[in-house]
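The values are calculated or read from the model by the stated rules, or taken from the named source; none is laboratory data. Just so it is clear, the model here is predicted, and its values are computed rather than measured. Here the Cβ positions follow ideal geometry from the backbone for every residue, glycine too, while neighbour counts run over all protein chains shown.
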Amino acid sequence: MNSENHSIRPVRPAWTHLAIAVKDVDATIAWYEAFTHLSVLARHEDGAGRNVWLGDKAAKHNPFILVAGQFYDGKDPFSPAHHHPLGPFAHIGIELPTKEDIDDIAAKGRDAGCLALGPLQMPKEIGYICFLKDPDGNTIEFSYDQGVLAEARRTWGVESD
């Protein structure tokens, strides 16, 4: 019996996903689709629970996925360990193209009651940021001018788009 399930695999080690435990997959999908550029790539369900893979359609050649998993009562394989949300420092970071985008997402978060911090200007390695909390209390940072893209291109020699 062949234990391999997929014909397409990376040719080198690849950064592929971050997984978080959630209470309600549907609420998680709604929040991430409302507040981020992520959309549903796939949904899965088995006897232990269900999950969703959220990702950026524009990154299909090098995808990085947020896996949000909801375990059914009594089916959590990690039990009795508790699943803690990301925060206050641990967070998912999304860099936006403009400072106005940060102000807009902060206002949207404030209106929805999920703004946790900012917007505010931080040191140059952090940029202009705000933090929102997803439905499970995970911290999502939105930044402008953080410099991750610029540093990666400068250090690793990638040309600008």
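Give me a count of the residues in the stretch 1-57 that are among the charged types (D, E, K, R) and either part of a loop (DSSP other than H, G, I, E, B) or in contact with a His (Cβ under 9 Å, 6 or more places away or on another chain) (or both).
Qualifying residue count, the stretch 1-57: 8.
Yes/no matrix, rows are residues, columns are (1) assigned to a helix (DSSP H, G or I); (2) in contact with a Ser or Thr (Cβ under 7 Å, 6 or more places away or on another chain); (3) aliphatic (A, V, I, L, M):
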residue: ASP103; (1), (2), (3): yes, no, no
residue: ALA107; (1), (2), (3): yes, no, yes
residue: LEU117; (1), (2), (3): no, no, yes
residue: GLU151; (1), (2), (3): yes, no, no
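Please verify whether GLY93 is at positive phi and not acidic (Asp, Glu), treating the condition exactly as stated.
no
Taking the stretch 93-134, which residues are touching a residue at least 40 places away in the same chain (Cβ under 8 Å) and β-branched (Val, Ile, Thr)?
ILE94, THR98, ILE102, ILE105
Identify, from the list LEU41, LEU86, LEU54, LEU66, the residue that is surrounded by 15 or more Cβ atoms within 10 Å (Cβ to Cβ), touching a helix residue (DSSP H, G or I) at 6+ places or on another chain (Cβ under 6 Å) and either aromatic (Phe, Trp, Tyr) or on the phi < 0 side of the Ramachandran plot (or both).
Just one listed residue meets the conditions, LEU54.
Matching residues to (1) modelled with pLDDT of 95 or more; (2) in the same structural domain as VAL25 (by TED's automatic domain parsing); (3) out of contact with any strand residue (DSSP E or B) (no Cβ under 8 Å at 6 or more places or on another chain):
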{"position": "ASP46", "(1), (2), (3)": "yes, yes, yes"}
{"position": "LEU96", "(1), (2), (3)": "yes, no, no"}
{"position": "ASP103", "(1), (2), (3)": "yes, no, no"}
{"position": "LYS108", "(1), (2), (3)": "yes, no, yes"}
{"position": "ASP111", "(1), (2), (3)": "yes, no, yes"}
{"position": "LEU120", "(1), (2), (3)": "yes, no, no"}
{"position": "CYS130", "(1), (2), (3)": "yes, no, no"}
{"position": "GLY137", "(1), (2), (3)": "yes, no, yes"}
{"position": "ASP145", "(1), (2), (3)": "yes, no, no"}
